[in-house]
Structure formats: C-alpha cells, structure tokens
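See structure below.
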Amino acid sequence: MSFAVKKIKKIYPLHLITLLAVAAMILLSNIVHSNFDWNQIGYFLSNIFLVQSWLPFSEGYFSFNAVSWYLSNALFLYFMFPRFLRIIRKNKVRAMQITTASVVLQLLIAVLLFKSPDVWFSENITKWITYICPLYRVGDFLVGCMTGYMFLKRKDRLDSKVSTIIEAAILIIVVYQIYIYTKYDFWQAYKFDLFWIPISTVFIFVFASCNGWISKTFSRNRILILIGDVSAQSFLIHKIVIEFCKLFMSNKVVLTMISFIGTLICSVIYLKIEYFIMCKIKVTDER
C-alpha cells in the first residue's frame, strides 16, 4: 500500500484543488437555484478517498471533476504493481499467461455485452463495466507492465532506417484507426477500451526506443517535451478549463485551441507554484 500512496501523492494535491474548485461552483449553483442534492456529499467523500470509479453510475464516477476517476483506478493499480512485479521476476511465462488471460477475459466481457445497451444494460452501466471499472482495467495495466519489462530487457536495437519505416507505418495506422473510430459506430463495449490496446502498445514500445528519425524528432521538440512533462496535471485541469471557456465561446475550433493553450498554461503555473512551495518547505525543514 505504501508504494501506491507514494505514487499517487505526487498528483493528489492538484486533485484536491480541482475537486474543491468544482465543489465550490456546484455549491454556488445549488444556492442560486435552491436545489441541493444531498448525494453530492457522498460523491465528494468518494472523490476525497479516490474510490469514485467503483461506483457503477455516471453520477458517481463522473462526479465533480469528472476526469479524476482515472486517479481512483491508478490508486488500485499502483497497489497491484509490486505484487505483479514479483510474479514477473519469478516466472516470466506465468506473468505472460496471467496478462493474456486478463485481456481475453476483457474481450469475453465485451462480447457478452455486444448487444448492450439495447438488451443487457444501459449505456451508462456498459461504459462503467468496460471503461471505468478498476477490475476491468487490470488487463490494460498488465499489458503495460509486460511491455515495460520487455522494453527494458530488449537486447537488439533495430537499424535507424528500419525503425523510421516502422514508426511511419505505426503513425499511418493510428491516423487510420482514428478515422475508423470517428466514422463508424462500433459496438460500445469494444470501442471504449480494447480498440486501442494493440496499436497503443506497439506505439509506446517502438517510439520509446527513439531509434527512428520520427521518434528522435519528437523527443527533441521542446513543445512536445513540455506537453509530456505536464500531461498528468493537464489531464486533471483540462475539463475545468474547457467548461470555463464554453462560457465565452461556442466555435469548436476556437474552443479547442484556447482550451488546449489554457490547460498548458495552468499546468505550468501549477508546477511552478508547487516547486516554489516544495523548495520553501525543504528550506524550513533544514532549519
């Protein structure tokens, strides 16, 4: 549990700030409209203790700062990581079998929910089962663990030209998948998660090596590096920024651009303030 707490506490202060900011806006709205929902107290507490993603309804897992459900999942998966790491180190074949079984189970669940929400569950419940639920996300997490392990243990590196060709092919496939995803109506239970696992796994493994011209260019781009450095903070902040920008603009293109820039600026400012506070605390402790 100590490992999970150590990992999550890096982003937890920002989670509390965004939670309180949204809670203040909701409270103000309730006062203005004289319509207080007492369930919000329970949802607020679930966000405090990062258990909101275990609630099987959108009013719960998307309560307050909706995107923070991923922190609830992260806490659970961080808790699992040391245990799975021991399995990897003791028996790699066993670890691979567990990973494969987990992904197959995900696929079977998605197949069972193939006709949902028309027959089995509402779209709300289907989305929770195949997208939000921490237990369902175990398969994704184990794939990530095995990918990271194989990446660290790799021995042979591909030639730069070959790597560039592979990277270009992967980017083309990603663009094509985005096109397919937006143009065609996939069955929801598959669309929410499994659709992206294969290509995202290959993408991360190949581009992390930085062997090809494309990955090397990306890794030297200051803007992309900045986006990567503030990605965790940006994810927690972006929903609030978007909702704020919607009050002043309706054009989707302008809204997207302004929200993106605003999110980056807010994330950088937060990190600067956090760094300043941590330095002050360190100086105080040394005294």
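The values are calculated or read from the model by the stated rules, or taken from the named source; none is laboratory data. What you are looking at is a predicted structure, and each value in this text was computed from that prediction instead of being measured. Note that each Cβ is placed from the backbone with ideal geometry, even for glycine, and that neighbours are counted across all protein chains shown. For the accessible areas, the whole protein counts, side chains as well, though only heavy atoms, and no ligand, DNA or RNA atoms are used. Shrake-Rupley method; radii C 1.70, N 1.55, O 1.52, S 1.80 Å.
Largest GNM mean-square fluctuation across Ala169, Ala74, Ala21, computed for the chain with C-alpha springs under 10 Å, falls on Ala169.
The residue among Pro134, Phe151, Ala169 whose Cα reaches farthest toward the positive pole of the charge dipole of the chain, with charges on the beta-carbon of Lys, Arg, Asp and Glu, is Phe151. Projected over every direction and averaged, the convex hull enclosing the alpha-carbon atoms of the range 28-95 yields 5.8 nm².
Largest mean-square fluctuation among Thr126, Thr263, Thr201, in a Gaussian network model of the chain whose springs join Cα atoms under 10 Å apart, belongs to Thr201.
Residues considered: Tyr275, Tyr131, Tyr149. Largest GNM mean-square fluctuation over the chain, using C-alpha springs under 10 Å, is found at Tyr275.
Based on the alpha carbons, how large is the Rg to Rh ratio for the range 1-132 when Rh follows Kirkwood? Computed over Cα atoms, the ratio is 1.07.
The Stokes-Einstein estimate for the chain, based on a Kirkwood radius over Cα pairs and taken at 37 °C with 0.692 mPa s viscosity, is a diffusion coefficient of 151 µm²/s.
If you wrap the range 223-274 in the convex hull of its Cα atoms and look at it from every side, the mean projected area works out to 3.6 nm². Per residue, the solvent-accessible area of the range 12-127 (1.4 Å probe, heavy atoms of protein chains only, all protein chains present) comes to 59 Å². Basic side chains Lys and Arg get +1 at the Cβ, acidic Asp and Glu get -1 at the Cβ, and with that the dipole of the chain about its Cα centre reaches some 1280 debye. What the Cα atoms of the range 132-265 give is an Rg and a Dmax of 17.7, 54 Å.
Applying the Karplus relation 6.51 cos²θ - 1.76 cosθ + 1.60 with θ = phi - 60° to the range 176-181 yields 3J(HN,Hα) values of 5, 5, 4, 4, 4, 4 Hz, where x marks Gly and Pro.
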